[in-house]
Each structure stands twice: as structure tokens, then as C-alpha cells.
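The values are calculated or read from the model by the stated rules, or taken from the named source; none is laboratory data. Note that the coordinates shown come from a computational prediction; the quantities given were computed from them, not determined experimentally. Cβ atoms come from the backbone with ideal geometry, glycine included; neighbour counts cover every protein chain shown. When the accessible area is computed, the model is the full protein with side chains, heavy atoms only, and any ligands, DNA or RNA have been set aside. Shrake-Rupley method; radii C 1.70, N 1.55, O 1.52, S 1.80 Å.
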Amino acid sequence: MQELLDKWNIKLNYNILLSMWNESHRAYHNQNHLLDLIEQINENKSKFDSQKDYEKMILCALFHDCVYDPMRNDNEEKSAEFF
């Protein structure tokens, strides 16, 4: 995943992103959820029009709820700002 971040010039260490997904307060939006999304994307890779579209979908999965506070309802917006 670090190669993908680097390829898209995203200045973030993948381990930092992964640690966000592993925060102890997460119930559903955790690393298992993230890995499930990536697996589903990989299973459907042939349906994407291009490698670029596939990579964009992986990036969306990586960042869609990287910021997560169960007491807030703006996690996706905060995640988008982080991205």
C-alpha cells in the first residue's frame, strides 16, 4: 500500500494510516472492515475501466473513515479533510 500512496504522491506513511484504523475505540470501522473493503475491490478489479480507477477505489477505501470518533457524525467529512 505504501507504493500506491507514493505513486499518487500522498505524503503519508501507510503504518500511520493503519494505526488510525486500529484505534481502540473502533468497533465496526476498524482494520477488519478496511481489509474486507480492499478484498472486495480486488475481487472486482476486472470490472474497473482502468488501473487508475482501481487505484482510486483503493485510495477511497483507505481514507473513507480513517478519522473516526464514535461520538461524531462527521467522520467521513473529517476523513476527506485528512486526505
**Request:** Could you run through region 50-75 and say how many residues are more than 23 Å from residue 6 (Cα to Cα) and under 14 Å from the mean Cα position of the chain (by Cα)?
**Result:** 2
**Complete:** Those helices (runs of 4 or more DSSP H) completely within region 27-83 that have 1 or more residues that are under 19 Å from residue 17 (Cα atoms), out of contact with any Pro (no Cβ under 8 Å at 6 or more places or on another chain) and among the basic types (Lys, Arg) are 51-63, 75-82
**Complete:** Contact list, first residue from region 65-83 and charged (D, E, K, R), second anywhere and part of a helix (DSSP H, G or I), beta-carbon distance below 7 Å, six or more apart or interchain, is 65/75; 65/76; 65/79; 69/75
**Message:** Condition (residue is surrounded by 16 or more Cβ atoms within 10 Å (Cβ to Cβ) and touching a residue at least 40 places away in the same chain (Cβ under 8 Å)) applied to region 40-56: is it met by at least one residue?
**Reply:** no
**Message:** Condition first: open to solvent by 60 Å² or more (accessible area, probe 1.4 Å) and not polar (S, T, N, Q). Now tell me which residues in region 1-25 satisfy that.
**Reply:** 1, 3, 6, 7, 8, 11, 16, 23, 25
**Prompt:** residue 28 passes all but one of (1) open to solvent by less than 60 Å² (accessible area, probe 1.4 Å); (2) farther than 15 Å from residue 83 by Cα; (3) among the aromatic types (Phe, Trp, Tyr); which number fails?
**Reply:** (1)
**Message:** With the structure loaded, tell me whether residue 36 is open to solvent by less than 80 Å² (accessible area, probe 1.4 Å) and over 19 Å from residue 83 (Cβ atoms) or whether it fails that test.
**Reply:** yes
